[in-house]
Amino acid sequence: MRREVKEETGLDIAIKRLLYICDRLEDAHHVVHITFLLQRTSGELVVGREPEPDANEILAAEFVPIGDLQSRGFSAFSAEFQGIVEAGFPDSGSYKGPTRNIGL
């Protein structure tokens, strides 16, 4: 995770704790989402790179207030995720089922 964050954002991070594990089943693909709370320890936010040849190019990187997620393309469920963030991530460290259960 540290290497990925560094490559894609230029930031060095510390992994604070596991927040949630969720599933997404779409078009016969099963994706497991593992969400962590991270802390920036150093570095400046930059547009990084995806070294894998078939990866999508990273076009922008920015910090966005949690209340602006829907305006940035997150689903209507993001209001639920905003509430979870504001409540301090209740039940963190647990399996939550489908990603929509945490607003993603």
Dipole of the chain, positive end: most advanced residue of THR99, SER71, ALA28 [Cβ charges, Cα centre]: THR99
Within-14-Å neighbourhood charge of GLU62 [Cβ basis; K, R +1; D, E -1]: -1
Amide H partners (placed H, <5 Å) of HIS33, local residues excluded: CYS22, ASP23, ARG24
Cα gyration tensor shape for segment 1-47, rounded if a/c is under 1.5, else prolate or oblate: oblate
Sum of -39500 (n - 2.57) over DSSP H runs of 4+, divided by residues of the chain (222 nm, nearest 500): -4500 deg cm²/dmol
For THR35, net neighbour charge (Lys/Arg +1, Asp/Glu -1) across residues whose Cβ lies under 13 Å away: +2
Computed over segment 1-86: relative contact order in percent, which uses C-alpha pairs under 8 Å that are six or more apart: 24
R0 of 30 Å, Cβ-Cβ distance ASP27-GLU62: FRET efficiency to nearest 0.05: 0.55
Longest to shortest principal axis, alpha-carbon extents of the chain, angstrom: 33, 31, 27
Dipole in debye (nearest 20) - the chain, about Cα centre, beta carbon charges: Lys, Arg +1; Asp, Glu -1: 440
Longest exposed-site-free window of the chain, the sites being GluC sites (Glu not before Pro) in a DSSP loop that have at most 14 other C-beta atoms within 10 Å: 1-43
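FYI, it's all coordinate maths here, none of it is from the lab. These numbers were taken from a predicted model, which means no experiment stands behind them. Note: ideal-geometry Cβ built from the backbone for every residue, glycine included; neighbour counts use all protein chains shown.
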